[in-house]
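A.B. asks: Below is a structure I'd like to ask you about.
The values are calculated or read from the model by the stated rules, or taken from the named source; none is laboratory data. Small disclaimer: the values here were computed from a predicted structure and weren't measured. Methodologically, a virtual Cβ is constructed for each residue, glycine included, from the backbone with ideal geometry; neighbour enumeration extends over all protein chains shown. Remember, those area values only see protein heavy atoms, side chains included, never the ligands or the DNA or RNA. Shrake-Rupley method; radii C 1.70, N 1.55, O 1.52, S 1.80 Å.
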Amino acid sequence: LGVEITKDYFDISKSNLNTIQDYMKNSPFRFDVVLPEIEFICSDILDFEFTEDIQVAFIFNPFGPKTTAKVVKKIIESLDKFPRDFYILYRNANFRDLFLDTGRFEVIYHTDGPSSGKPRKYFILKGR
């Protein structure tokens, strides 16, 4: 699922997803996660409800730590209400620790970022 607040970001997100899917297909690393079809909608993420049928979110480091923390809380509330596996495709994962520090998410795939110490380029997190 992709939730974008503007049409421009909506279009960029679709392009980003195509890029990561192409990378995963052509990666020299083994990649065993089969992803369902991913839908995009225009909405404010804080108004969005993570329903039981949503299993994947693509995040391109879209907001700061306060909003990310609120999104993490909403996802965990949804997982508590509707237990399921939940995958997050996270590019430029600057606030990945907000997910990982909950103890509800684990890294199942990542690519190395530049040696400059910047965050790794792609992360895939699995939550339950």
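A.B. asks: Select from the stretch 25-78 the residues that are touching a Ser or Thr at 6+ places or on another chain (Cβ under 9 Å), of a type outside the set (A, V, I, L, M, F, W, C), modelled with pLDDT under 75 and over 20 Å from residue 7 (Cβ atoms) and list them in ascending order.
C.D. replies: Answer for the stretch 25-78, where residues must be touching a Ser or Thr at 6+ places or on another chain (Cβ under 9 Å), of a type outside the set (A, V, I, L, M, F, W, C), modelled with pLDDT under 75 and over 20 Å from residue 7 (Cβ atoms): just 27.
A.B. asks: Name the residue, out of 117, 103, that is open to solvent by 50 Å² or more (accessible area, probe 1.4 Å), more than 16 Å from residue 3 (Cβ to Cβ), modelled with pLDDT under 85 and in a loop (DSSP other than H, G, I, E, B).
C.D. replies: Details: 103 fails: modelled with pLDDT under 85.
Within the list 117, 103, the selection yields 117.
A.B. asks: Restricting to the stretch 1-11, what's the tally of residues that are among the aliphatic types (A, V, I, L, M) and closer than 19 Å to residue 37 by Cβ? Can you show your working first?
C.D. replies: Taking the stretch 1-11 first, the residues among the aliphatic types (A, V, I, L, M) are 1, 3, 5.
When the remaining residues are screened for being closer than 19 Å to residue 37 by Cβ, the result is 1, 3.
Of the residues in that region, 2 qualify.
A.B. asks: Which members of the stretch 53-96 meet the condition of being β-branched (Val, Ile, Thr) and without any contact (Cβ under 8 Å) to a residue 24 or more places away in the chain? Reasoning before the result, please.
C.D. replies: Of the stretch 53-96, the ones β-branched (Val, Ile, Thr) are 54, 56, 59, 67-68, 71-72, 75-76, 88.
Answer for the stretch 53-96, where residues must be β-branched (Val, Ile, Thr) and without any contact (Cβ under 8 Å) to a residue 24 or more places away in the chain: just 67.
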